[in-house]
Amino acid sequence: MKLAFSTLGVPGMPLPDVLRLAVTHGYHGVELRTHPEEPVHPGIGLTERADVAAAFKDAGVDVLGLAGYARVAAPGDDEPVLDEIRTLLALARDLGAPYVRVFPGGFPGDGAEPSQEQLDEADAIAARRLGTAAEHAADVGVRILLETHDSHRTGAAAARVLGPVGHRNAGALWDLMHTWLGGEQVADTYATLSPFLGYIQVKDIAGADDTTPLPLGAGALPLAECVELLTRKGWDGWLCWEYEKRWYEEAAPLPELLGPGRELLARLLTESA
């Protein structure tokens, strides 16, 4: 398996510094948070895009994926959501990134438990939009990955959308924290998502009542179990450490944790081999 980290953990950091961290600590790739407050986002021009791609190539580091914020199950018209995905796909094409992350984002509001009718509607909206967007993704050689998150935080929920889409360019991004918070066992998540799996986001937290990011291995998430299962199944994709520093200012700085985090992941991979 290859290892990456997300720039969500180093908010606003200039790209040369991000690449220096990746090289110094032995990460093979970087997931880029593509928000306007970050150095790389859909608003940058062609020259800047070429410079970003060249910088990654010169550093010998892969652009793993673009973490976008399109919400494919959100109520409303399809076209604004599809337009947002198309801009992400164009950026991914220009940077040589194989993946674009999207969120489900269904049933925003008062937080009440959705009815079966609402679930069915959100699934249908997301499947329709992903089916359309996947055709464009295929044209530019990129896969759109629906993250296990918010309204569809388990593998089972994501598969309800991806199954009907049935397109290779629409897949899943497994966020280990969200499937765990959703009460899903690692083996069940893998069994459900394996036909769709793009890559996996790993992280650690103290528990369901405190999701402040912790160093890998310092919390409650079943990281070792996940790595062992993936190894046993022969899965050889990417593990990406998504450290949510942007949302938790009190969390320890990620740069000082990257070395020990990589060492832990390497040890887990060795032990499970």
Hey, any idea what % of the stretch 2-272's accessible area is carbon plus sulfur with a 1.4 Å probe? 51 percent
Segment residue 139-residue 57, extension gain: residue separation times 0.36 nm, minus the distance between their alpha carbons: 27.2 nm
So the FRET efficiency between residue 48 and residue 79, C-beta based with R0 = 35 Å and rounded to 0.05, is 0.85
With Rh as the Kirkwood radius over Cα pairs, the stretch 31-71 has Rg/Rh of 0.97
Top of 153, 86, 101 by mean-square fluctuation, Gaussian network on the chain, Cα under 10 Å: 86
Can you list the residues, at least 5 places off or on another chain, whose amide H is less than 5 Å from the amide H of residue 99, using H built in the peptide plane? 66, 143
Any helix of the chain counts here only if DSSP assigns it H throughout, its Cα atoms span 30 Å or more along the axis, and its mean Kyte-Doolittle hydropathy is at least -1.0, and such helices are 116-140
The chain: most fluctuating residue of 102, 30, 140 per GNM, C-alpha cutoff 10 Å: 140
Report, in whole Å, the centroid distance computed from the Cα atoms of the stretch 15-78 and the stretch 137-194. 21 Å
Give me the percent of DSSP beta bridges within the chain that run antiparallel, rounded to the nearest 5. 5 percent
Set Lys and Arg Cβ to +1 and Asp and Glu Cβ to -1, take the dipole of the stretch 2-272 about its Cα centre, and tell me which of 149, 52, 189 lies farthest positive. 52
Restricting attention to the alpha-carbon atoms of the stretch 2-272, what are Rg (one decimal) and Dmax (integer), both in Å? 17.7, 51
Please tell me the relative contact order of the chain in percent, rounded to the nearest whole number, where contacts are Cα pairs under 8 Å and at least six residues apart. 19 percent
1.4 Å probe accessible area per residue over the stretch 2-272, in Å²: 42 Å²
From the helices alone, meaning DSSP H stretches of at least four residues, give me the mean residue ellipticity at 222 nm for the chain, per-run term -39500 (n - 2.57), in deg cm²/dmol to the nearest 500. -14000 deg cm²/dmol
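Can you check what the net charge comes to around residue 33, using other residues whose Cβ is under 13 Å from the Cβ of residue 33 (Lys, Arg +1; Asp, Glu -1)?
Numbers: positive: 101, 245, 246; negative: 31, 37, 38, 147, 242, 244.
Around residue 33, the surrounding residues sum to -3.
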Computed over the Cα atoms of the stretch 46-186, the Rg and Dmax in Å are 15.7, 51
Expected max-MSF residue from 51, 150, 123 in the GNM of the chain (alpha carbon, under 10 Å) is 51
Where does each of 15, 258 land when they are ordered by accessible area, with a 1.4 Å probe and the largest first? 15, 258
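The values are calculated or read from the model by the stated rules, or taken from the named source; none is laboratory data. It should be emphasised that the depicted structure is a prediction, and the values quoted were computed from it without experimental measurement. Positions of Cβ are generated from backbone atoms using ideal geometry, with glycine treated the same way; all protein chains shown enter the neighbour counts. Each accessible area value is taken on the protein alone, full model and side chains, heavy atoms only, with ligands, DNA and RNA left out. Shrake-Rupley method; radii C 1.70, N 1.55, O 1.52, S 1.80 Å.
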